[in-house]
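> Structure provided below as structure tokens; questions to follow.
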Amino acid sequence: GLAEEAMNARAEQDRRHADAGLATRLAQSRAPFLRRIAEAQGRFGVSHTAVPTESRPGHVAMIAGFFEDVSAVTRGWKHNPVEFDSLFNRTRATYSWGSPDILPMFAEHCPQVYAHSYTAAYEDFASDAGLLDRWVLAHSEAFLRDPPVDDPALIARPQSVFFLHLLAADTLGHAFRPHSAQYLAHVRTLDRIVARVTALFERHFPDRRTAYLFTSDHGMSAKGSHGDGDPANTQTPLLVWGAGVGGPTAADAHVDHSELWSSRATLSESEQNLQNRKWGLSHLRRRDVRQVDIAPLMASLIGVAYPMNSLGVLPVEYLDANAPEKVANLHANAREILAQYKRKWASKSSTSLWFKPPQHTLPVEECETLLLQAFQSLRSETTHAQELCFRVIDQSLEGLQYFQTYDAFMLSVIVIVGYAGWIVYVLLLLLNDELQPDSCTASSIDWRPVLLIQAVLSTLLLLERHSLLYHLYCVFVVFFWAEVWRRRGILAALGKTLWQSGQFQHYLVDVGFAVAVLQLLVMTFYMRGLLSVACLLVALWTLRGEGRAERPRGREHIQLLLCCALLAIFPLLSSDAGEQLGVVLFAALASTLYVVYELRGLQCSTQAVCLFGLLPSLAGLLVLLTSWSLGSGGGLPLLNQLLSWLLLLGCLASLPLATRWLHVHKTNRHGSLLLIGAVFSLTVTAYILLSVAYEALFLLVLVFTLRTWLLCGRMNVNEKTVSVRAPLELYPQIERFSLENIRITLVYLTFCQLAFFGTGNIASVSSFELSSTYRFVTVFNPWLMTALLILKVVIPFLVVAVSFRLITVARFLSENTNYFIAIALADVMSVHFFFRVTNVGSWLEIGTSISHFALSNANIVFHLLMMGLSHLVIPAGSTSVD
């Protein structure tokens, strides 16, 4: 008796200590209600999302149970390119309130889904973002008080879902960053809203049969952005409590490993412990899931069928149920995933001429046998049945992944052979103009074998029911290699010419250096700081000159090295600098001084000096006034907004007109420098309006470096005037292809890479800074904001492209040849990234590999676009090359 009393007293003392500790933690927490739920009522973990970490794919994963193809984002946020089943479609009724960008996705063609959204005007980054969540709270409360249905009892039916989409945290994170005072204050507000909603539902549905789930579609980086695979973006909170959900368990409690799915790729135990200590939850057991696992969890809690296309695995450790009930739910989950595996197997085996079943995955028949054994063991051997269900799920998901990549090898071969054919074809076209006509005449070709090969390939693709894109890929491959075969004599002529020139070693050194620079540019995608090394190497290589007599004079030599050294600083700076108005203003004033100094030194008219010189300062003043208004809560003033749009559109639209006006009114022969000065003045004005930190200063240094590059490239050219629009035949001295073309093109590619990653603006998919657009629009508009951000990316490219065109003219090189070389070298980089594309590893690794390949391919099209824009900006007429 005494021992029992002592044990009870000790237990009571421990309970009091635990309650005192919980009370202390709640008092210190910004979200006391949610913390109380995690520590005293429900179960928590981290939901791991997929790339891209955006709203649409995140909600599809949570509610439909699969990771949607990223191309769906390009079809629009609200409408589905392909209709899919979802949890809402399986319910008796779903009532939802929130954003007009999310709710329509699940309401279309679903009569049982009630969706009530606020207007897009509410999503204003300059206004009180908390209004969004208060709107959701008020309308959900009003709905429960006075339901707009014939029978109010209908909303209390089981198998119903109430979806409250609370957007304010995301809006504040974009506007002020997640560690700002505004965001942290809203965390408390959000906690009170969740507490109020919970109390509201407990009063309205007193049967205690309501389950609650609190989570997020994506995370957010420290700079207020998301999109890539960074852990800050892929890790989201998951808190579940209420009917059917188990309570918290101690971290050192016995773990039923039969409830854990072995293939769930989440954080390691050490990483989880580190996070738990940071959150003050190391004493509780944490249960991580994939985001797609949330859909079957919700379906199981309300007792509806799993979504048809769901690939989520039911996290049974969240359920408060006996073992047979858990296994029954898991069995249904395994049966649903196995059905998809079976459908894929049947589809591929019926269309493939040489069907290859997966080597390391069980066939469908064996999986069905295992599932039958699990069903027979549901009551007697629950642990064994659960293990069988998990094994079927593992095998089915691996099988689905195998069939998803079934044609990967064939497509890889087609893509690589196509890239190689295109690169060789471009090289032969360039050599065809450079070598002697009698040595490089293209031989005739019998097209009948070529057409026969294409017919055979198309027939095989038709029999296997491949898409039209596969046929187009093969057409390009066959055409390019047929053309390469027709021009095969040029390769022999190239070897003979190089051998007879006596400078084979000189060419070999230059080609080797070019390969090294190209590889360095590839590595800059992974290590941004290497851009500094590439910048300095390119400066040294440029100064080397094609011939020893062509080296620039001493002053320009030192000036180019200093400019490149200064430019090399920017890739070493952090891309998470935050808003730096002082730096933006300094860049605006420095840009004004540079433009005034340049135009006055070139003896430009006073009107031109005043016009072009004041524009950057005006943009800086507008940025300062607008930022002050936004920071003080005054919103975006209409006058500031109109002036920003007027200045932006006016500068961009007047680019061709301003350069033409300078050509007409110039009073000296320095046409190239006048063009660079005018282009910089107009582009930096637009760029300052879109700047938040040191990127405007980066553009100034970039332009000064390009100006010096142009001066260095003209030192070996006699005083001449060349029309940039004149036919090449009028200037027989123009070189069509030489090592000088490759050298200048590699310098151009390096500057393009600096323009792309120099300030870290798009060093990843997620780093688009939405605050750059707040001088023009604060109401959330994904397409307009994206267009403004893309414009911000294009402006440095445009300056580089204009300079590239001017130096091409100055060096009497073929412009088309240089762009063909740029495209061919960009293709070589794309092949490198293609080999590094992966679908295994962390989401950061997968997303990075895909985004790098996509960006490299986009660069190819981008170079052509920049070539067209540079022709639009540079006027017809004459530019001095002196």
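The values are calculated or read from the model by the stated rules, or taken from the named source; none is laboratory data. Here the structure is a predicted model, which means the values were calculated and not measured. Here the Cβ positions follow ideal geometry from the backbone for every residue, glycine too, while neighbour counts run over all protein chains shown. For the accessible areas, the whole protein counts, side chains as well, though only heavy atoms, and no ligand, DNA or RNA atoms are used. Shrake-Rupley method; radii C 1.70, N 1.55, O 1.52, S 1.80 Å.
> What are the ³J(HN,Hα) couplings of segment 334-345, residue after residue, when phi is run through the Karplus curve with 6.51, -1.76, 1.60 and θ = phi - 60°? Round to Hz, x for glycine and proline.
5, 5, 5, 6, 4, 4, 5, 4, 5, 5, 5, 4
> Could you give the length gained on full extension between THR119 and ALA653, defined as 0.36 nm per residue of separation minus the Cα-Cα distance, in nm? Kindly include the intermediate steps, with their values, before the conclusion.
Numbers: separation 534, 0.36 × 534 = 192.24 nm, distance 3.28 nm.
Fully extending the segment from THR119 to ALA653 adds 189.0 nm.
> Round to the nearest 0.05 the FRET efficiency obtained for LYS496 and ALA455 when R0 = 56 Å and r is the Cβ-Cβ distance.
The value I calculate is 0.90.
> Excluding LEU388 itself, calculate the net charge of residues whose Cβ lies under 13 Å from the Cβ of LEU388, where each Lys or Arg counts +1 and each Asp or Glu counts -1. Walk me through the numbers before you get to the answer.
Numbers: positive: ARG335, ARG391; negative: GLU366, GLU368, GLU381, GLU387, ASP394.
Combined, the nearby Lys, Arg, Asp and Glu give -3.
> Moving on to the next point. Just need the relative contact order of segment 779-858 here, percent rounded to a whole number, with Cα pairs under 8 Å and 6+ apart.
Values: 28 pairs, mean separation 16.5, N = 80.
Dividing the mean separation by the residue count of segment 779-858 yields 21 percent.
> Considering only protein heavy atoms, what per residue accessible area in square angstrom results for segment 111-199 with a 1.4 angstrom probe?
Values: 4180 Å² over 89 residues.
I get 47 Å² per residue for this part.
> Still on this structure: Of all the accessible heavy-atom surface of segment 263-395, with the other protein chains kept in place and a 1.4 Å probe, what percent is carbon and sulfur?
Working: 3250 of 6310 Å².
The C+S portion of the solvent-accessible surface of segment 263-395 is 52 percent.
> Starting from the residue with the highest accessible area, list LYS223, LYS496 in decreasing order, probe 1.4 Å.
Numbers: LYS223 15, LYS496 130 Å².
Of LYS223, LYS496, the descending order of accessible area is LYS496, LYS223.
> Of PHE480, PHE780, which has the most accessible area with a 1.4 Å probe, and how do the rest follow in descending order?
Details: PHE480 30, PHE780 65 Å².
Descending order: PHE780, PHE480.
> May I ask you to give the percent of accessible area on segment 793-868 that is carbon plus sulfur, with a probe radius of 1.4 Å?
Details: 1840 of 2500 Å².
Roughly 74 percent of what the probe reaches on segment 793-868 is carbon or sulfur.
> List the residues, sorted by chain then number, that are 5 or more residues from ALA211 or on another chain and whose placed amide H is less than 5 Å from its amide H.
The answer is ALA243.
> Suppose R0 equals 30 Å. What FRET efficiency, 1/(1 + (r/R0)^6) with r the Cβ-Cβ distance, do SER632 and ARG188 give to the nearest 0.05?
On the way: r = 22 Å, r/R0 = 0.74.
Step by step, r from the Cβ atoms, then E = 0.85.
> If you stretched the chain out fully between TRP783 and SER352, how much longer would it get, using 0.36 nm times the residue separation minus the C-alpha to C-alpha distance?
Details: separation 431, 0.36 × 431 = 155.16 nm, distance 4.09 nm.
Extra length available between TRP783 and SER352 comes to 151.1 nm.
> Tell me, what is the FRET efficiency for LEU621 and LEU562 to the nearest 0.05, using R0 = 25 angstrom and their Cβ-Cβ distance as r? The partial results should precede the final answer.
Details: r = 30 Å, r/R0 = 1.22.
The computed FRET efficiency comes out at 0.25.
> Moving on to the next point. Enter the accessible area per residue of segment 327-411 (Å², integer; probe 1.4 Å; all protein chains in place). Display every interim value, and only then the final one.
Numbers: 4580 Å² over 85 residues.
Spelled out: the 1.4 Å probe surface of segment 327-411, per residue, equals 54 Å².
> What is the distance in Å between the Cα centroid of segment 78-127 and that of segment 558-620?
Centre-to-centre distance over Cα atoms comes out at 47 Å.
> For segment 587-622, list residues with backbone N below 14 Å from a point placed 7 Å from the Cα of LEU572 toward its Cβ?
Backbone N within reach: none found.
> Under the rule of at least 5 residues apart or a separate chain, name every residue whose amide H is placed under 5 Å from the amide H of ASP124.
HN-HN under 5 Å from ASP124: PHE780.
> Where in segment 337-368 does the label zone of GLU83 land, with the point 7 angstrom along Cα→C-beta and an amide N cut-off under 19 Å?
The answer is none.
> Compute the distance in nm between two label points, each set 7 Å from the Cα along the Cα-to-Cβ direction, one at GLN404 and one at LEU864.
3.1 nm
> Non-local amide H neighbours of PHE163 (under 5 Å, H modeled in plane, Pro and chain starts lacking H): which ones?
Amide H neighbours of PHE163: TYR95, SER96, TRP97.
> Continuing with the same structure: Roughly how many nanometres apart are two label points built 7 Å out from the Cα toward the Cβ at ALA516 and GLN112?
According to this spin-label approximation, the distance is 6.8 nm.
> Moving on to the next point. Which length gain, in nm to one decimal place, applies between TYR507 and LEU469 when the Cα-Cα distance is subtracted from 0.36 nm times their residue separation?
On the way: separation 38, 0.36 × 38 = 13.68 nm, distance 4.01 nm.
Between TYR507 and LEU469, full extension yields 9.7 nm more.
> Another question, if that's okay. As a test of reading the structure, rank LYS326, LYS356, LYS342 by solvent-accessible area (1.4 Å probe, protein chains only), most first.
Details: LYS326 20, LYS356 130, LYS342 105 Å².
Most to least solvent-accessible, the answer reads LYS356, LYS342, LYS326.
> What's the center-to-center distance, using Cα atoms, between segment 326-363 and segment 392-407 in Å?
Result: 7 Å between the Cα centres.
> Here is a follow-up. What net charge do the residues around LEU451 carry, taking every other residue with its C-beta under 15 Å from that of LEU451, with Lys and Arg at +1 and Asp and Glu at -1? Don't jump to the answer; show the numbers that get you there.
Numbers: positive: ARG448, ARG486; negative: ASP446, GLU483.
Neighbour charge sum, excluding LEU451 itself: 0.
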